[in-house]
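For reference, the structure is listed below as structure tokens.
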Amino acid sequence: MKLLVTGGAGFIGSNFINYWLKNYPDDFIVNLDKLTYAGNLENLKDLKNNQNYKFIKGDICDFDLVNELISDKVDLIVHFAAESHVDRSLMSSRDFVRTNVEGALSLLDAAKNNGGVRFHHISTDEVFGDLSLAGKAFTEKSPYNPRNPYSASKAAADHLVRAYYHTHGLPVTISNCSNNYGPYHFPEKMIPLFITNLLEGKRVPLYGDGKNIRDWIYVDDHNRGVDFIIKKGKIGETYCLGGNGEITNIELTKKILKLMDKGDEMIEFIEDRPGHDLRYAMDYSKAKNELGWQPQISLEQGLAQTIDWYKNNRQWWQNVKSGDYQEYYKKQYQGNV
Ligand code: NAD
Ligand code: TYD
């Protein structure tokens, strides 16, 4: 099988490619990635000599490029490419609409033009919006209620994917997954930011009162879920994936501090994120009952593995944290940490 993976130099996409070629070494993967600040070919260094892997630097919004790549006998498109950070979407939203909405449309059109190529769209639990403490976890039937520019752009793409199924019969599936963590996670997101700050002897910036809740899933569990949907999912359907990992940010921070032998004095409470969603949680019963998928890595195990990875891969994150990142960090944290 030949796959076109978009955004395969990013966090989840690179873990996906590494996972896929380990499990299906006879498949061929073309990785199309623009290499924005979040894309990093170091994530794929182990594939340098792999004959079944090819990297193309390019933009998913470039229809001619995307069409040409897909016309070369692609059997399956797995679409990860996106602008992915909520805080950046609050600073400037234009790239989010361009890549997340127009880019998805360009891929859908090219998939349609080439005889209806199987399309799996990677989406997020954030499209469902804010959950109260007493609210039931999101399911595939939850209404869409995105509340920040990132989640709004992802929701728009989900709707386009479904529209191409209903109007053009494009064979699509969608996965909406909760917060991922693991190796190669860009240190602008909470877990890798906190781990690397602590490794640098810096404090960790916790928004508001730290009582917001996320449902953390180890990245390999997410990618195994995507694999199950590709292999066994029903065309036209959406599957929610979650990690059984609901925890408040403050509790999670304390777990990280403990695993890294640091005290609570390393926490710096800072001004809250505007429009900060209180809680996300996923009910993955459909994926469990229909596909036999469930997460296998507990938060304790995944966190310990992730901390070890950052300890053993200093060069990777020190490179990432240099250059433009410094500007972002200064602007976002205003000298507080
Ligand atoms: P990331 O920011 O680490 O990686 C995104 C990748 O997309 C980068 O390699 C970047 O260079 C590439 N890219 C951006 N714009 C592009 C364009 N116009 N053309 C081609 N490539 C482009 O993101 P991630 O955390 O790996 O997320 C991957 C996908 O998973 C996204 O669609 C995101 O919405 C979704 N998702 C993420 C999470 C999470 O917790 N990180 C959870 C659920 C769903
Ligand atoms: P993040 O990793 O940005 O993912 P998302 O916003 O997509 O859920 O943030 C996870 C949680 O951590 C979220 O509630 C915001 C919070 N957070 C902080 O408290 N401090 C930070 O510096 C960051 C980046 C996030």
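Descriptive notes on the structure:
- Selection count where residues are closer than 30 Å to residue 234 by Cα, surrounded by 17 or more Cβ atoms within 10 Å (Cβ to Cβ) and out of contact with any strand residue (DSSP E or B) (no Cβ under 6 Å at 6 or more places or on another chain), scope segment 296-337: 1
- When restricted to residues that are in a loop (DSSP other than H, G, I, E, B) and either over 30 Å from residue 161 (Cβ atoms) or not β-branched (Val, Ile, Thr) (or both), segment 221-267 contains 12.
- Taken as a whole, the condition of being modelled with pLDDT of 95 or more, within 27 Å of residue 324 (Cα to Cα) and open to solvent by 10 Å² or more (accessible area, probe 1.4 Å) applies to residue 41.
- Screening residue 97 against (1) among the aliphatic types (A, V, I, L, M); (2) closer than 28 Å to residue 228 by Cβ; (3) away from ligand 2 (no atom under 16 Å from the Cβ); (4) in a helix (DSSP H, G or I) leaves a single unmet condition, (2).
- Criterion: open to solvent by 20 Å² or more (accessible area, probe 1.4 Å), under 18 Å from residue 86 (Cα atoms) and touching a residue at least 24 places away in the same chain (Cβ under 8 Å) - qualifying residue of 249, 179, 244, 212: 179
- Of 134, 81, all but one fail to be in a loop (DSSP other than H, G, I, E, B), open to solvent by 60 Å² or more (accessible area, probe 1.4 Å) and of a type in the set (Gly, Ala, Ser); the exception is 134.
- Taken over segment 182-209, the criterion of being open to solvent by 10 Å² or more (accessible area, probe 1.4 Å), within 11 Å of ligand 2 (Cβ to nearest atom) and aliphatic (A, V, I, L, M) is satisfied by 190 alone.
- Inter-residue pairs, beta-carbon under 8 Å, first charged (D, E, K, R) and in segment 41-66, second open to solvent by less than 40 Å² (accessible area, probe 1.4 Å) and part of a strand (DSSP E or B), 6+ apart: 54/29; 54/30; 54/31; 57/33
- Some residue of segment 282-290 being surrounded by 15 or more Cβ atoms within 10 Å (Cβ to Cβ) and in a loop (DSSP other than H, G, I, E, B): yes
- Restricted to segment 1-35, and to residues there that are within 16 Å of residue 185 (Cα to Cα) and without any contact (Cβ under 8 Å) to a residue 40 or more places away in the chain, the residue that is least open to solvent (accessible area, probe 1.4 Å) is 17.
- Among the residues of segment 263-281, just one is buried (at least 19 other Cβ atoms within 10 Å of the Cβ) and among the aromatic types (Phe, Trp, Tyr), namely 280.
The values are calculated or read from the model by the stated rules, or taken from the named source; none is laboratory data. Every value quoted in this text rests on a predicted model; they were computed, and no experiment measured them. Positions of Cβ are generated from backbone atoms using ideal geometry, with glycine treated the same way; all protein chains shown enter the neighbour counts. What goes into the accessible areas is simple: the full protein's heavy atoms, side chains included, and nothing from ligands, DNA or RNA. Shrake-Rupley method; radii C 1.70, N 1.55, O 1.52, S 1.80 Å.
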